[in-house]
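Everything on this sheet refers to the single structure shown next.
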Amino acid sequence: MNLALYLEQAANAEPQRPALGHGARPICTYGEMAGRVARFAGALRAMGLIPGDRVAIASKNCTDYVELLYAIWHAGLAAVPANAKLHGAELGYILEQSGARVCFASDDVASALAPHAPPSLERMIAVGGAEHGKLLAADAIPLTACSGDDLAWLFYTSGTTGRPKGAMLTHKVLAAASSAYASEVDTVAPGDPVLHAAPMSHGSGLYIMAHVMNRGVNVVPESGGFEPEEIFALLRAWPRTSMFAAPTMVKRLVECPAECPNENIRTVVYGGAPMYVEDAIRALDRLGPRLAQIYGQGESPMTITVLTKAEIANRDHPRWRERLGSAGRPYACVDVAVTDEDDRPLPAGADGEILVRGDTVMAGYWRNAEASAAALRGGWLHTGDVGVFDADGYLTLKDRSKDLIISGGSNIYPREVEEVLLRHPRVREVSVIGRPDREWGEAVVAYVVGDAPVAELDALCLASIARFKRPKDYVFVDALPKNNYGKVLKTELRTMDGARPSRQNVQATRLRP
Ligand code: AMP
């Protein structure tokens, strides 16, 4: 099975239905898109690319991106979508590691990438440029037959630690993840739009296929990115819109003073990083019962657990708050377990590593047998995330084991402390880390964006969590270090903390346990 088959079927069934939108306008029907994709696939083959070859896309979001993906699949090739915001050297690494022979890059990316292009790269083509346009004059080729186990998308992990690894997502994996989205996260009816404001190389791009399968419209904002006011304006043009948004993006939508046409939102799906309970409630107040949460990772794309719209909106449920702090329950198509160090399942209430098994799990890491064997040992994907199930089957993510703070011999999960500090109205963002400490092993330190008085933060902690979990130091900063997907880089924060010229200047705020 080839993912591009869904496009062909949509085009056969309803050739006149809009397939792509740019800004407020529909720009192409399914019939037109399928025709362009088949010609473009012909051009890729005419370049000498053969089934299984990798073609990279390093571009900001655009409608050509969607066609490129389908042309790559139609020709039996594998796509390597790389985050356009990466440094040229990081993109160069991905091109080299994936062995991509051709790369489609937007202008801004091409110049950054040029000095770092590896010798294995034969051709770089500007997305939307003259050469790209000429490719559409090629002869169409029929859909290439391929197996569900063939590589469709090399998904490079965000690399919050070390070099990114390429998770091998096959046609079958992406088809399973797309079906799971449409059956458990969001209904997609023909004509329903999905707005790609988050990078298509990551979460948002993984929702393209569910919308093609169901004849929805893939819409790209004119800015190619995330501008809350532009999104509100686009929502007016596109009723029943869904979108994927990282928690930081949801926060920006909620804080934007412009008027949001809530009634035109079908679903805002958040995930990819922790959503704090207070932020989730603010989002619900502002956007209404239209939020769903997913937990996934490149290795099981967008598909491990889901907290549905109904669950998020059910304020009357006695455990509503607790559930908002969880990542929901496993999708029906995957087995999820929480296990000890020897991979033995733990009962509800016990913390352990989250393991996943099912059709949405990657085939392994590209050209990295050692990491693949470690991640997939025993037939389970080892996520590296720590979590705990409650008695009702809701999974709460604790921090990754490397972020766990051990202070005075006790385990402290930073997120628990962060949730409490965020209840203060003058805390905009916070990240809690452990600082090496002679007395405690590690001391809890809170990096805060905001201007809340330390005494009030301390009182808030005293009222809500064990004394030993309270930060012993607060550092106020203008912004937290984040990667291109908006995830806070705790490793960088710890390095920054270690490099602070003198910690004496924060002694004024230092509090004793
Ligand atoms: P990536 O593979 O780059 O998408 O990163 C996946 C990682 O993001 C997961 O392993 C989790 O650590 C984190 N993550 C994903 N979804 C959530 C969520 N809903 N809540 C908290 N963390 C999440």
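The values are calculated or read from the model by the stated rules, or taken from the named source; none is laboratory data. As the structure is a prediction and not an experimental result, all values here were calculated from the model. Every residue, glycine among them, receives a Cβ derived from its backbone with ideal geometry; neighbour counts consider all protein chains shown. To get the accessible areas, we keep the full protein, side chains included, count just its heavy atoms, and leave off ligands, DNA and RNA. Shrake-Rupley method; radii C 1.70, N 1.55, O 1.52, S 1.80 Å.
Within the accessible surface of the chain, defined with a 1.4 Å probe on protein heavy atoms only, the carbon and sulfur portion equals 52 percent. Note that region 65-70 has calculated 3J(HN,Hα) couplings of 4, 5, 5, 4, 4, 5 Hz, one per residue in order, obtained from phi through the Karplus relation 6.51 cos²θ - 1.76 cosθ + 1.60 (θ = phi - 60°); glycine and proline are x.
Put a dot 7 Å past the Cα of residue 459, heading toward its Cβ, do the same for residue 12, and the two dots end up 6.9 nm apart.
What size of dipole, in debye to the nearest 20, comes out for region 404-510 about its Cα centre when the only charges are +1 on Lys and Arg C-beta atoms and -1 on Asp and Glu C-beta atoms?
120
Remark: region 4-389 carries a charge dipole of roughly 480 debye about the Cα centre, counting +1 on each Lys and Arg Cβ and -1 on each Asp and Glu Cβ. Mean separation of Cα pairs under 8 Å and 6 or more residues apart, divided by the residue count, gives the chain a relative contact order of 10 percent. Applying 1/(1 + (r/R0)^6) with R0 = 22 Å to the Cβ-Cβ distance of residue 368 and residue 120, what FRET efficiency is obtained, to the nearest 0.05? So the FRET efficiency works out to roughly 0.85. Full extension of the chain segment joining residue 410 with residue 350 gains 20.1 nm, where the gain is 0.36 nm per residue of separation less the Cα-Cα distance.
Rolled with a 1.4 Å probe across the full set of protein chains, the surface gives residue 319 an accessible area near 90 Å².
Please say if region 404-510 is rounded, prolate or oblate, where rounded means a/c under 1.5 for a ≥ b ≥ c the square roots of the C-alpha gyration tensor eigenvalues, and otherwise the choice is prolate for a/b larger than b/c and oblate otherwise?
Cα axes put region 404-510 in the rounded bin.
The angle between the Cα long axis of helix 454-464 and the main principal axis of the chain comes to about 90°, on a 0 to 90 degree scale. Positive-end ranking of 379, 214, 73 along the dipole of region 4-389, with charges on Cβ about the Cα centre, is headed by 214.
Each label was represented as a point 7 Å from its Cα along the Cα-to-Cβ direction; for residue 391 and residue 340 these points are 2.3 nm apart.
Think of it as helices only: each DSSP H run of n ≥ 4 in the chain is worth -39500 (n - 2.57), and spread over all residues that comes to -8500 deg cm²/dmol at 222 nm.
Comparing 368, 50, 320 along the charge dipole axis of the chain, the residue lying farthest to the positive side is 320, per the Cβ-charge model. Here the spin labels are modelled as points 7 Å beyond Cα on the Cα-Cβ line, and at residue 189 and residue 27 they lie 2.7 nm apart. For residue 487, the lysines whose Cα falls under 16 Å of its own Cα, not counting residues fewer than eight places away in the same chain, are 85, 251, 398, 402. Between the C-alpha center of region 297-326 and that of region 41-75 there is a gap of 35 Å. Of the GluC sites (Glu not before Pro) found in region 227-278, those in coil by DSSP whose Cβ has at most 10 other Cβ atoms within 10 Å are 259. Projecting the Cα atoms of 294, 284, 104 onto the charge dipole of the chain, computed from C-beta unit charges around the Cα centre, puts 284 farthest toward the positive end.
Note: relative contact order over region 256-361, using C-alpha pairs below 8 Å and six or more positions apart, is 20 percent. Extension gain, residue 484 to residue 357, is 42.9 nm, computed as 0.36 nm per intervening residue step minus the present C-alpha separation.
Estimated translational diffusion coefficient (Stokes-Einstein, Kirkwood radius over Cα pairs, 20 °C, 1.002 mPa s) of the chain: 90 µm² per second. Solvent-accessible surface of region 4-389, taken per residue with a 1.4 Å probe and all protein chains present: 37 Å².
A cut-off of 5 Å between modelled amide H atoms, ignoring neighbours fewer than 5 places along the same chain, links residue 57 with 80, 82, 104. Restriction of the trypsin sites (Lys or Arg not before Pro) in region 388-456 to DSSP coil positions whose beta-carbon has at most 12 other beta-carbons within 10 angstrom yields 426, 438. Between 0 and 90 degrees, the angle of helix 228-237 with respect to the longest Cα principal axis of the chain falls at about 50 degrees. Taking each residue as 0.36 nm, the span from residue 147 to residue 50 lengthens on full extension beyond its C-alpha to C-alpha distance by 33.4 nm.
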